[in-house]
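A.B. asks: Pasting in a structure now, in structure tokens, and then I'll have a few things to ask.
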Amino acid sequence: MSNLARKIQQDQYQHQEEKQSVKKVIKQTKSLLSPGEKILGIAFVAIICFGGVKIVSNQSEIYQVNKEIQITQSSINSIEKSNKELDTQVKDLSRFDRLREVAGKLGLDFSKDNVKVVH
């Protein structure tokens, strides 16, 4: 055989080896995790995410309840203040001197024998 024929034969042989080596590269590699482990991992991540969302939701509800409690407490405080002011007004208006003055304007006459003080 001539050198040219041999050269062509060697090129064909190398070309076949390249095809075989390319096929070897395509080989599948084994995964580090089995399908069962992947499912367990996904389930674990899902549980962690659900737990996080649940915690945030509970904190939000607690915040809303605390806000309502504070609003109610401030309303109670303002009503108590109003009640104290009204109680003070009742005490001022029920003084004996004032009652005597109002009774005098209405035409009632107090004699010392008829007056009884009740507390």
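A.B. asks: Just to be sure before I move on: is Asn83 assigned to a helix (DSSP H, G or I), within 19 Å of the chain's Cα centre (by Cα) and polar (S, T, N, Q) in the structure I sent? Steps first, please.
C.D. replies: Working: assigned to a helix (DSSP H, G or I): yes; within 19 Å of the chain's Cα centre (by Cα): no; polar (S, T, N, Q): yes.
When the stated conditions are applied, Asn83 does not pass them.
A.B. asks: If you don't mind, there's one more thing I want to ask. Right, Gln16: at pLDDT below 95 and not small (Gly, Ala, Ser) or not?
C.D. replies: Against the criterion (at pLDDT below 95 and not small (Gly, Ala, Ser)), Gln16 qualifies.
A.B. asks: Hey, another quick one. Any idea which of (1) basic (Lys, Arg); (2) open to solvent by 90 Å² or more (accessible area, probe 1.4 Å); (3) at pLDDT below 90 is the one Arg98 doesn't satisfy?
C.D. replies: (2) is the only condition that Arg98 fails.
A.B. asks: Something else about it: Within the set of pairs 6 or more residues apart or between chains, which connect a residue that is free of Cβ contacts under 8 Å to residues at least 40 places away in the same chain inside segment 33-57 to a residue that is open to solvent by less than 100 Å² (accessible area, probe 1.4 Å) and not in a helix (DSSP H, G or I) with Cβ atoms less than 9 Å apart?
C.D. replies: Close Cβ pairs satisfying both conditions: Lys38/Ser31; Gly41/Leu33.
A.B. asks: Shifting gears a bit: Quick check: is even one residue across segment 33-46 surrounded by fewer than 10 Cβ atoms within 10 Å (Cβ to Cβ) and at pLDDT below 95?
C.D. replies: yes
A.B. asks: OK, next. Since Thr29 meets every condition but one in (1) more than 30 Å from Val102 (Cβ to Cβ); (2) surrounded by 10 or more Cβ atoms within 10 Å (Cβ to Cβ), which condition does it not meet?
C.D. replies: (2)
The values are calculated or read from the model by the stated rules, or taken from the named source; none is laboratory data. Everything numeric here is computed off the predicted structure, so don't read it as measured data. Cβ atoms come from the backbone with ideal geometry, glycine included; neighbour counts cover every protein chain shown. The protein model used for the area step is the full one, side chains on, heavy atoms only, and it has no ligands, DNA or RNA in it. Shrake-Rupley method; radii C 1.70, N 1.55, O 1.52, S 1.80 Å.
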